[in-house]
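Since the structure comes first, as structure tokens, the remarks are kept for the end.
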Amino acid sequence: MSKYQPYSEYKDSGIKWLGEVPEHWKKTRLKFLGFTYGGLSGKAGKDFNQEDNKFSKPFIPFTNIAGSSYIKDDYFGLVIINEGESQNKAKKNDLFFLMSSEDYEDLGKASLLQFDVDELYLNSFCKGFRLTSKNLDPKYLNFLLSGDTYRKLLYTQGNGFTRINLRLERLNDLVLSLAPTLEEQTTIANFLDRETTKIDTLIKKQQVLLELLKEKRQAVISHTVTKGLDSNVKMKDSGVEWLGEVPAHWGVKKVKYLFEIRKRISGELGYPILSITQKGIKVKDTESGKGQLSMDYSKYQFVKVGDFAMNHMDLLTGFVDISKHHGVTSPDYRVFAARDKNLVTQYFLYLFQMGYINKIFYGFGQGSSQFGRWRLPTDQF
């Protein structure tokens, strides 16, 4: 990076959040560089992922856009497009923006289609953008819009409760400061390509190591909470299929004899809002407006310090934790506590968390995994 020297002169961009830019760079708005178009319209659930239907065509799912700055060529869904049906098609060098999300930080994410396609469509949660300007490198624009400065600006423009949306005019009116020539844009884009590729390679290597360590950690926990510490102890059949053998001196009891479900609706506002995440129970920052928000927190249920709280509505991405906070959480979640105050709750927390990580709860669930809702009924818990 040392061979790239600072520009000789800079100027105030005139944009408070952007600050100074090189003297010769030009200011414009996104809408003057091309046009936006919509994704699929008029589709129902039955129109998707029918592999044997001759009218099924590939489309870009929103997860392809949310997960990468470049569209992946092996990550498409299928949608039925009938003969003569009018739908917008994606083309090489189109950019795609995530216009609706459950997470503010995903809102406005951009992704670039770098390869030629015969027939490809776009999901309905996103907008496509097609350059009409001949003096703009699409890869350069994608890098620009993927940087922290513009990402933070876009996700602060969103609004909504359970789902956050970005209005099209907010995207079109986005002010950009651009290098004026294709040559300079391409030089910047090529540099970023090389450097980000090096960094991404290092990240992947670290991720592989982290995944191996996570697997080892979980294996240690799973073995210890179900088999104990003494490898020479006499074992017996637990009578529980997923559990297998346990130490002969251990007892096997149903959860309902050790814990009781508690559901106490607060009936008023003013309590801390608790979210159940895969990193544990967190106090929600409701003032920032980020994340999913409820219209009425008075219908939430109490969670006391030491209570267990679990998201049993989604056994694929949900989790369970012991609360360190007094507050309220969704009435759809399950709050429960030990019947015996002498119970070592941390031991049972490891056991319950293993139920999620090893997908043990999933085997007892009901619902539709296609839509991310696989619930654990009370009688199975």
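Structure summary
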{"read-out": "23 Å Cα-Cα reach of K16 towards lysines, excluding residues that sit fewer than 8 places from it in its own chain", "value": "K26, K27, K31, K109, K152, K290"}
{"read-out": "With Cα atoms, 0 to 90° folded angle of helix 345-357 axis to the chain main axis", "value": "50"}
{"read-out": "Added length on full extension, which subtracts the Cα-Cα distance from 0.36 nm per residue, F35 to K89", "value": "18.1 nm"}
{"read-out": "Charge dipole magnitude, Cβ of K and R +1, D and E -1 - the chain, Cα centre, debye nearest 20", "value": "920"}
{"read-out": "Calculated over region 75-212: convex hull of Cα atoms, volume per residue (Å³)", "value": "169"}
{"read-out": "Under 5 Å, built H, 5+ apart or other chain: amide partners of T277", "value": "K282"}
{"read-out": "Contour minus Cα-Cα distance for D118 and E105 (0.36 nm per residue)", "value": "1.5 nm"}
{"read-out": "Spacing of the two label points (7 Å from each Cα toward its C-beta) at K359 and T224, in nm", "value": "2.6"}
{"read-out": "Label point at N53 placed 7 Å out along Cα→Cβ; residues across region 65-84 whose backbone nitrogen lies under 13 Å", "value": "78-83"}
{"read-out": "Largest to smallest principal axis extent of the C-alpha atoms in region 196-249, angstrom", "value": "56, 22, 11"}
{"read-out": "Full-extension gain in nm, K46 to N82, via 0.36 nm per residue minus C-alpha separation", "value": "11.6 nm"}
{"read-out": "GNM top mover of L154, L95, L351 - the chain, alpha-carbon springs below 10 Å", "value": "L351"}
{"read-out": "Peptide ranges 318-329, 206-217 listed from the most packed, as the mean C-beta count within 10 angstrom indicates", "value": "318-329, 206-217"}
{"read-out": "Computed FRET value (nearest 0.05) for V233 with S13, which takes r as the C-beta separation and R₀ as 56 Å", "value": "0.20"}
{"read-out": "Principal-axis tilt of helix 182-227 within the chain, Cα atoms, nearest 10 degrees", "value": "0"}
{"read-out": "Rg over Rh, two decimals, region 163-284 (C-alpha only, Kirkwood Rh)", "value": "1.22"}
{"read-out": "Cα centroid separation, region 127-161 to region 53-89 (Å)", "value": "21"}
{"read-out": "Highest to lowest packing among 263-273, 121-131, 230-240, scored as the average C-beta count within 10 Å", "value": "121-131, 263-273, 230-240"}
{"read-out": "Reciprocal of mean inverse Cα separation for the chain (Kirkwood radius, Å)", "value": "24.9"}
{"read-out": "Charged-residue dipole, Cβ positions (Lys, Arg, Asp, Glu), region 67-119 about Cα centre, Debye nearest 20", "value": "200"}
{"read-out": "FRET E, pair H326, K27, Förster distance 41 Å, beta-carbon r, rounded to 0.05", "value": "0.20"}
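We did not get these values from a lab; they are worked out from the coordinates using the rules stated. From a predicted model like this one, the values you see are computed outputs, not experimental measurements. Note: ideal-geometry Cβ built from the backbone for every residue, glycine included; neighbour counts use all protein chains shown.
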